[in-house]
Amino acid sequence: MTRMVHCTVLNREAEGLDRVPYPGELGKRIFDSVSKEGWQMWLGHQTMLVNEYRLSMIDPKARQFLVKEMEKFLFTGGAAKPEGFVPNE
């Protein structure tokens, strides 16, 4: 049986994640409210942020930045693309 959630990213019912994707309370919140499709959208956005800002994942400030952006993207819809970002055609 597929687990369904009301996805905060898509704002509709969709197939839920198979497992908690992130540690702690935030991970549980994501598991309970974000669909597989919504999570994949975040992963694409996260990749774009890492590349555009040239973030190093060993830098604690970069990881903190990504967590804040993840919360905005997944729960408030407030995540924006970097200034001057032009997607590949």
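The values are calculated or read from the model by the stated rules, or taken from the named source; none is laboratory data. Just so we're clear, the structure is a prediction, and the values are computed from it rather than from any experiment. Cβ atoms come from the backbone with ideal geometry, glycine included; neighbour counts cover every protein chain shown.
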Quiz item: If you go through segment 13-56 one residue at a time, how many are surrounded by 15 or more Cβ atoms within 10 Å (Cβ to Cβ), in contact with a helix residue (DSSP H, G or I) (Cβ under 6 Å, 6 or more places away or on another chain) and in a strand (DSSP E or B)?
Solution: 1
Quiz item: Of all residues in segment 31-58, which are aromatic (Phe, Trp, Tyr) and modelled with pLDDT of 95 or more?
Solution: Phe31, Trp39, Trp42
Self-check item: Per-region count, segment 54-80, residues under 16 Å from Val9 (Cα atoms) and of a type in the set (Lys, Arg)
Solution: 2
Quiz item: Considering only residues of segment 57-75 that are among the basic types (Lys, Arg) and under 22 Å from Lys28 (Cα atoms), which is surrounded by the fewest Cβ atoms within 10 Å (Cβ to Cβ)?
Solution: Lys68
Self-check item: Subset of segment 36-89 [in contact with a Phe, Trp or Tyr (Cβ under 7 Å, 6 or more places away or on another chain) and closer than 18 Å to Val20 by Cα]
Solution: Trp42, Met70, Phe73, Leu74
Quiz prompt | Residue among Val50, Val9, Val5 that alone is of a type in the set (A, V, I, L, M) and touching a residue at least 40 places away in the same chain (Cβ under 8 Å) | solution = Val9
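Loosely packed, with under 11 Cβ neighbours inside 10 Å, in a loop (DSSP other than H, G, I, E, B) and on the phi < 0 side of the Ramachandran plot, is that true of Gly78? Working first, answer last.
Values: loosely packed, with under 11 Cβ neighbours inside 10 Å: yes; in a loop (DSSP other than H, G, I, E, B): yes; on the phi < 0 side of the Ramachandran plot: yes.
Considered against the rule, which asks whether it is loosely packed, with under 11 Cβ neighbours inside 10 Å, in a loop (DSSP other than H, G, I, E, B) and on the phi < 0 side of the Ramachandran plot, Gly78 comes out as yes.
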